[in-house]
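Data first, discussion second: the structure below is written as structure tokens.
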């Protein structure tokens with residue numbers, strides 16, 4: 001297992017290196033002038049050229065990349081040209097909001113997908129047909145459109161959801177900072193009203209992000225469960241008189257969950273990346289909004305920092321999924337050790 005982890009760490013370093021190169025080059029070759037974006041269209045050519053020199057964008061690309069990586073290795077993600085605030089500080093402030101949204105979305109998708117997939121695999125009747133419809137609708141619905149529909153129904157028509165702006169309603173103060181996750185911090189501080197208000201603000205964006213993934217994972221779970229049902233140990237359990245419910249949830253489900261756990265971990269990184277439009281729809285103060293504003297302003301440092309963060313998150317989640325495999329299935333743990 002130690003050798004396996006070491007190899008994965010080396011792979012993570014390689015992925016981060018290539019991600020940094022790709023992000024660096026794509027931003028540099030994209031059309032536009034960041035200095036002009038900062039100074040505005042009325043600035044003189046001399047002022048723009050002077051700022052370009054200060055930014056270092058006139059330097060040769062190899063020198064720019066070496067300087068950038070030197071700062072990264074020292075823990076410096078740079079300073080936003082747009083806000084003049086260190087990128088590390090901005091990301092530190094915004095990451096908890098995006099992370100909390102992603103955690104609730106992935107939890108919702110797993111809670112829905114696993115039992116639905118198991119029940120669909122064990123039934124050829126309406127449950128299986130309903131799960132197929134759910135998968136088709138969920139996979140075919142753009143998340144940002146789903147978010148707009150949820151806002152229209154639950155906020156505008158039914159008036160049971162809070163305004164789609166921010167993490168707390170007006171009049172509520174953020175709980176004392178411990179983790180940055182408002183629901184967790186509110187519980188730790190004993191602020192029950194703040195907890196439920198934060199949870200209410202999370203509900204619609206988490207559903208928007210989680211339902212499409214739940215639709216996909218439910219089909220994976222169904223297929224995996226159907227494969228497990230054909231294995232010898234399932235026939236043995238049935239021959240010994242185990243009830244169908246016990247066979248389904250005690251014997252089949254733990255083994256069928258392995259692909260779902262892996263995909264959930266891998267797709268968590270994609271959820272964080274795909275939350276950009278959802279955060280914009282719900283006015284969520286996370287990393288997605290920060291990156292979108294930086295892209296429009298051609299602000300290099302925030303975009304590069306967010307890409308590196310996303311690559312690191314993806315690699316760590318992938319490693320975590322492999323380790324979780326060993327916990328769920330002892331055969332895998334034994335083979336890797």
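The values are calculated or read from the model by the stated rules, or taken from the named source; none is laboratory data. Quick caveat, the model's predicted, so the values are computed rather than measured. With ideal geometry, Cβ positions are generated from the backbone for all residues, glycine too; neighbour counts draw on all protein chains shown.
What the table below lists for this structure:
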| read-out | value |
| --- | --- |
| Count - residues of region 83-97 that are surrounded by fewer than 18 Cβ atoms within 10 Å (Cβ to Cβ) and either at pLDDT 90 or above or in contact with a helix residue (DSSP H, G or I) (Cβ under 9 Å, 6 or more places away or on another chain) (or both) | 7 |
| Positions within region 1-16 being at pLDDT 85 or above and surrounded by 13 or more Cβ atoms within 10 Å (Cβ to Cβ), in sequence order | 15, 16 |
| So residue 100, is it within 27 Å of residue 205 (Cα to Cα), touching a helix residue (DSSP H, G or I) at 6+ places or on another chain (Cβ under 9 Å) and not assigned by TED's automatic domain parsing to the domain that holds residue 279 | no |
| Residue match in region 136-151 (condition: in a loop (DSSP other than H, G, I, E, B) and either within 17 Å of the chain's Cα centre (by Cα) or not assigned by TED's automatic domain parsing to the domain that holds residue 228 (or both)) | yes |
| Subset of region 65-79 (residues that are in contact with a helix residue (DSSP H, G or I) (Cβ under 8 Å, 6 or more places away or on another chain) and in a helix (DSSP H, G or I)) | 65, 68, 69, 72 |
| Which listed residue, of 57, 38, 21, is modelled with pLDDT of 90 or more and either within 20 Å of residue 291 (Cβ to Cβ) or outside any helix (DSSP H, G or I) (or both) | 21 |
| Search result, residues across region 216-235 that are more than 26 Å from the chain's Cα centre (by Cα) and more than 14 Å from residue 254 (Cα to Cα) | 230, 232, 235 |
| Residue match in region 290-300 (condition: part of a loop (DSSP other than H, G, I, E, B), at pLDDT below 85 and surrounded by fewer than 20 Cβ atoms within 10 Å (Cβ to Cβ)) | yes |
| Conditions (1) modelled with pLDDT of 85 or more; (2) in contact with a helix residue (DSSP H, G or I) (Cβ under 9 Å, 6 or more places away or on another chain): number failed by residue 28 | (1) |
| Qualifying residue in region 215-233 (condition: within 19 Å of residue 103 (Cα to Cα), surrounded by fewer than 22 Cβ atoms within 10 Å (Cβ to Cβ) and in contact (Cβ under 8 Å) with a residue 12 or more places away in the chain) | yes |
